[in-house]
Amino acid sequence: MLQSKTRALLIVDVQNDFCPGGNLAVPGGDKIVPIINELINSAHYDLVIATKDWHPEQHGSFASAHPGKEAFEMGELGGKPQMMWPDHCIQNTEGAQFHPALEVTNVDFIQLKGEDPSVDSYSAFRDNDENRKTGLDAYLDAERVTDLDVCGLATDYCVKFTALDAKSMLPNLNVRFISDASRGITAEGIAAAIDEMQAAGIAAIHSTEIVR
């Protein structure tokens, strides 16, 4: 008897600070919201998960936490190289909230990340030092998810690392990247991220392959 599939949609960091007008805006970040809403409301998915960057004030990845450093300079955090970011997605601020048009009432589970001030967390599954997991892998396993589609912001950072960790931490999971429901920071970064995901066995698809 064939095991039935459990399909999940994982929406990464569609938050005000990553959309136009936010402190760390991804170009066109708001343009994906209608596409994601269509996916959320489709009959395709059994489970919808959304993630939030959820930083405390003075998070170690913020340039403001390092005197003399400017945003988008390379610095150090926990003994490792770290991009210094503008303050963004600070807990309980407007910037950390989901984009107001995102239909979150139909989201089944929200995964917070980036809460430890001593380490950044691009992936929704674990911190960048790979020492502490968020528990999302256990959640997907408990829900018997077999197929995971990943989209959101930004392709060349949090989306990429989330998709790669989904594939490496849950090897039996079929993981896909929804390209038109995602936006990235640079064209070069997006292309490199897609190449890296495809090399890991993650297919890049268009939302029209799901919602016709």
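The values are calculated or read from the model by the stated rules, or taken from the named source; none is laboratory data. In this text the structure is predicted, and so the values were computed from the model without any measurement. Quick reminder, even Gly has a Cβ in these numbers, built from the backbone with ideal geometry, and neighbours come from all protein chains shown. Keep in mind that these areas ignore ligands, DNA and RNA; they rest on the heavy atoms of the full protein, side chains included. Shrake-Rupley method; radii C 1.70, N 1.55, O 1.52, S 1.80 Å.
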| note | So, first residue closer than 17 Å to residue 154 by Cα and part of a helix (DSSP H, G or I) in the range 189-212, second residue open to solvent by 80 Å² or more (accessible area, probe 1.4 Å) and of a type outside the set (D, E, K, R), Cβ within less than 9 Å, six or more apart or across chains; the pairs are none
| query | Any idea which of (1) farther than 26 Å from residue 88 by Cβ; (2) touching an Asp or Glu at 6+ places or on another chain (Cβ under 9 Å) is the one residue 198 doesn't satisfy? | reply | (2)
| Restricting attention to the range 72-81, does a residue exist that is small (Gly, Ala, Ser) and within 29 Å of residue 176 (Cβ to Cβ)? | no
| message | Just the residues that are hydroxyl-bearing (Ser, Thr, Tyr) and either part of a helix (DSSP H, G or I) or free of Cβ contacts under 8 Å to residues at least 24 places away in the same chain (or both), please, taken from the range 63-119. | response | 64, 93, 105
| message | Out of the residues in the range 14-29 meeting the condition of being touching a residue at least 24 places away in the same chain (Cβ under 8 Å) and touching a Phe, Trp or Tyr at 6+ places or on another chain (Cβ under 9 Å), tell me which one is most open to solvent (accessible area, probe 1.4 Å). | response | 23
| remark: Checked the range 147-169 for anything more than 12 Å from the chain's Cα centre (by Cα) and open to solvent by 30 Å² or more (accessible area, probe 1.4 Å); matches are 167, 168, 169
| query | Taking into account only those residues within the range 91-120 that are more than 16 Å from the chain's Cα centre (by Cα) and among the hydrophobic types (A, V, I, L, M, F, W, C), which is surrounded by the most Cβ atoms within 10 Å (Cβ to Cβ)? | reply | 119
| note | Those residues of the range 161-181 which are touching a residue at least 24 places away in the same chain (Cβ under 8 Å), out of contact with any Phe, Trp or Tyr (no Cβ under 8 Å at 6 or more places or on another chain) and not hydroxyl-bearing (Ser, Thr, Tyr) amount to 164, 167, 170, 172, 173, 174, 175, 176, 177, 178, 180, 181
| request: Those residues that are over 16 Å from residue 121 (Cα atoms) and aliphatic (A, V, I, L, M), I need them from the range 53-70; list them, please. | output: 65
